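Asker: Provided herewith is a single structure, encoded as structure tokens, for subsequent inquiry.
The values are calculated or read from the model by the stated rules, or taken from the named source; none is laboratory data. Source: prediction; values computed, not measured. Every residue, glycine among them, receives a Cβ derived from its backbone with ideal geometry; neighbour counts consider all protein chains shown.
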Amino acid sequence: MKKQMMIAGLTLLSAAVVGACATKREKQRIDGMTAATPAEPIRLEHPEKVADDNAFTFDLLRAVRKHTDKANVFISPLSVSMALNMTLGGAAGTTADEMRTALHESGYSQADINAYSKRLREALLRADPQTTIGIANSIWYRQGETLRTAFTNANRTYYGAEVRPLDFASPRSPKVINDWCARQTRKRIPQIVDRIPSDAFLYLINAVYFKGTWARTFDKKNTKPAEFHKADGSTEKVQMMYRQGDYRYGTNDVCRYLEMSYGNGAFGMVVMLPQEGKTTRDVMASLSGERWKQMRQMNNEEVQLYLPRFRTECTYDLAKDILPGMGMKAAFSPEADFSGIALKPLRVSGVVHKTFVEVTESGTEAAAVTSVEMVLMSLPVDKKEPVLFRVDRPFVFAICERSTGAILFIGEIGEI
């Protein structure tokens, strides 16, 4: 059955590629420009898993929104899933089953997950020479302890993880881990560990960094002060960018959406603006793996685009309510089974997720770090006129790899 799904997925992907390359002009048009070297579609051994990953993305987004009262939400599902998949490699029994269910990976073996993660990571890193992207993993364990060889070898091989012993009793140890995070995120996430508790055994950390230049940048001369209607009903002055040009555009019953591409077109940002009478909560509630695939089918339209410059930073404790609420409970409990990591009984004591994003006339910079702390247990319609797309109220946006639809970052902006 898995093999048939894989063949069907490849057939659908091939059909999509053929359709996307129908004409030379369409192939080379990216936001109204001709790309010297158009991006090549990413081909994965299990292309259907992208939809499963995106289903986890939308579940996580809704769970985070449910447990925060902040106007802005911004996460990197890629960072969270990669950190948790490294951890999953050492889980067993109910602990592993719950983690796979929450991650939408129940139909895959650990070998499938590891191989897919490796191919996706390598493909994303080389997808666009014009876009800076980094995906790094590391494991830090208490000096003097021993990790199972199979666990460390798998994380080195499939996740490119650095595995290092560290003297957790030293007051300098948090700085060692934080300096690694700062390097991987170009100093955008300078700290992930405040202190190392006395019972800490292991940290599994993922860092994702993205910096892309718009395929067609905004002219700063067209940026003007404008009003943005905040989620709480009040208004604020923002710097509103403007550009009229050719964009991929679509609409459904909940939102209108537009895609702006970066660099050679491998990556793009999709901005989702709620329809009149709808809210960003309605947009997030409607998102699913199938809905996202439908939304990827956009048409080229002439659009008058107004988009505010914005920047936001977020921090989440995923171990408190969010992941347990998604069904991942055993991993945090005394019943946790991580016997594949070490001989000593372990449980997950914290999952901290920090993010950063800034959108300007030239492009987008985004970063994320996810830290898993483990401790020893005590015991569309054709338009004759340009489409007006004025982002002057709360919106949802996602940064994705365009050929697969794989989402790297996703968020809701309720205030600037």
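Asker: Of all residues in segment 217-244, which are more than 22 Å from Thr279 (Cα to Cα) and surrounded by fewer than 16 Cβ atoms within 10 Å (Cβ to Cβ)? Steps first, answer last, please.
Answerer: Initial filter on segment 217-244 (more than 22 Å from Thr279 (Cα to Cα)): 217-225, 239, 241-244.
Matches in segment 217-244: Thr217, Asp219, Lys220, Lys221, Asn222, Lys224, Pro225, Gln244.
Asker: Can you give me the number of residues within segment 174-204 that are hydrophobic (A, V, I, L, M, F, W, C), in contact with a helix residue (DSSP H, G or I) (Cβ under 8 Å, 6 or more places away or on another chain) and in a strand (DSSP E or B)?
Answerer: Number of matching residues: 1.
Asker: So is Glu313 under 23 Å from Gln191 (Cα atoms), out of contact with any Pro (no Cβ under 7 Å at 6 or more places or on another chain) and not polar (S, T, N, Q) or not?
Answerer: yes
Asker: Can you find a residue in segment 90-110 that is under 18 Å from Ser288 (Cα atoms), modelled with pLDDT under 90 and among the charged types (D, E, K, R)?
Answerer: no
Asker: Tell me the residue from Val163, Val176 that is over 26 Å from Phe409 (Cβ atoms), in contact with a Leu (Cβ under 7 Å, 6 or more places away or on another chain), of a type outside the set (S, T, N, Q) and at pLDDT 95 or above, please.
Answerer: Val176
Asker: Do we find a residue being crowded, with 22+ Cβ neighbours inside 10 Å and over 17 Å from Leu202 (Cβ atoms) anywhere in segment 332-350?
Answerer: no
Asker: Could you tell me how many of the residues in segment 75-120 are closer than 20 Å to Lys354 by Cα and not aliphatic (A, V, I, L, M)?
Answerer: 6
Asker: Return yes or no: is Asp282 in a helix (DSSP H, G or I) and of a type in the set (Asp, Glu)?
Answerer: Answer is yes for this residue.
Asker: Could you tell me which of the residues Ala266, Ala285, Ala207, Ala231 is closer than 30 Å to Asn137 by Cβ and out of contact with any helix residue (DSSP H, G or I) (no Cβ under 6 Å at 6 or more places or on another chain)? Break it down into steps so the answer makes sense when it comes.
Answerer: Values: Ala285 fails: closer than 30 Å to Asn137 by Cβ; Ala207 fails: out of contact with any helix residue (DSSP H, G or I) (no Cβ under 6 Å at 6 or more places or on another chain); Ala231 fails: closer than 30 Å to Asn137 by Cβ.
Exactly one of Ala266, Ala285, Ala207, Ala231 is closer than 30 Å to Asn137 by Cβ and out of contact with any helix residue (DSSP H, G or I) (no Cβ under 6 Å at 6 or more places or on another chain), namely Ala266.
Asker: Being in contact with a helix residue (DSSP H, G or I) (Cβ under 6 Å, 6 or more places away or on another chain), part of a helix (DSSP H, G or I) and crowded, with 21+ Cβ neighbours inside 10 Å is the filter; apply it to segment 28-55 and report the residue that is modelled with the highest pLDDT.
Answerer: Asn54
Asker: Let me ask you something else. Identify, by number, the condition in (1) in the same structural domain as Met241 (by TED's automatic domain parsing); (2) at positive phi that Lys220 doesn't meet.
Answerer: Failed condition: (2).
Asker: Looking at the structure I just gave you, is Ala55 within 15 Å of the chain's Cα centre (by Cα), under 30 Å from Ala169 (Cβ atoms) and not assigned by TED's automatic domain parsing to the domain that holds Thr404?
Answerer: For Ala55, the condition - within 15 Å of the chain's Cα centre (by Cα), under 30 Å from Ala169 (Cβ atoms) and not assigned by TED's automatic domain parsing to the domain that holds Thr404 - is not met.
Asker: Six or more apart or on different chains, Cβ atoms under 7 Å: show the pairs whose first residue is in segment 157-173 and assigned by TED's automatic domain parsing to the domain that holds Leu204 and part of a strand (DSSP E or B) and whose second is exposed (fewer than 14 other Cβ atoms within 10 Å of the Cβ) and at pLDDT 95 or above.
Answerer: Pro165/Gln143; Leu166/Gln143
Asker: On the basis of being under 24 Å from the mean Cα position of the chain (by Cα) and of a type in the set (Val, Ile, Thr), does Val352 make the cut?
Answerer: In short, yes.
Asker: Consider Thr364 against the criteria (1) of a type in the set (Ser, Thr, Tyr); (2) assigned to a strand (DSSP E or B); (3) under 26 Å from Tyr141 (Cβ atoms): it satisfies all of them except one. Which criterion is unmet?
Answerer: So Thr364 meets the others, but not (3).
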